[in-house]
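The values are calculated or read from the model by the stated rules, or taken from the named source; none is laboratory data. Small disclaimer: the values here were computed from a predicted structure and weren't measured. No Cβ is skipped: glycine too gets one built from the backbone with ideal geometry, and neighbour counts run over all protein chains shown. Heavy atoms of the whole protein, side chains included, go into the accessibility calculation; ligands, DNA and RNA do not. Shrake-Rupley method; radii C 1.70, N 1.55, O 1.52, S 1.80 Å.
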Amino acid sequence: QVQLVESGGGLVQAGGSLRLSCAASGSINSINAMGWYRQAPGKQRELVATITTGGITNYEDFVKGRFTISRDNTKNTVNLQMNSLRPGETAVYYCNAAERRQSGGFYYSVMYWGQGTQVTVSS
């Protein structure tokens, strides 16, 4: 079992910056990857960025060069630095964790979600 708590959301003007944080607890050692998703009003939830325990990062094209995801395995946190924010990026941002499990010699993942933190970008 993994619990996730996000923080850092708020109101920012277009072009501004915010830093989101996600604190993980529970079966920390079982987490092999974490990420950030967002869901705008009336839209489907979409992936923003991911990071593995080994530090491998992946960004969706629409945030490359502006967002940075980082992870501190010692502190059990993952952060998302968001720069040059756009009004279209107003959304609830969710932290995600993939818990690695095994059954015999096979491995699979269980996804966990935080409660979300609201990010509002004004024009």
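If packing is taken as the average number of other Cβ atoms within 10 Å across a peptide's residues, how do 50-56, 33-39 rank, most packed first? All intermediate terms of the calculation are to be shown ahead of the outcome.
Working: 50-56: 13.7, 33-39: 21.3.
Per-residue Cβ counts within 10 Å, averaged per peptide and sorted highest first, yield 33-39, 50-56.
Compute log10 of I(q)/I(0) for segment 67-120 with the Debye formula, placing one identical point scatterer on every Cα and leaving out solvent, at q = 0.17, 0.23 Å⁻¹, to two decimals.
-0.72, -1.02
So what does residue 89 come to for accessible area, using a 1.4 Å probe and Å² rounded to 10?
10 Å²
Identify which of the listed values of Rg/Rh (Cα atoms, Kirkwood Rh) was calculated from the structure shown: (i) 0.99; (ii) 0.96; (iii) 0.94.
Derived directly from the coordinates: (i).
For segment 31-47, what does the Karplus curve 6.51 cos²θ - 1.76 cosθ + 1.60, with θ = phi - 60°, yield as ³J(HN,Hα) per residue in whole Hz, taken in order and with x for Gly and Pro?
6, 10, 7, 9, x, 10, 10, 9, 9, 7, x, x, 10, 7, 5, 10, 6
So which trypsin sites (Lys or Arg not before Pro) in segment 66-122 are both in a DSSP loop and have at most 11 other Cβ atoms within 10 Å of their Cβ? Please list the in-between numbers first.
Working: sites: 66, 71, 75, 100, 101; in loops: 66, 75.
Passing sites in segment 66-122 are 75.
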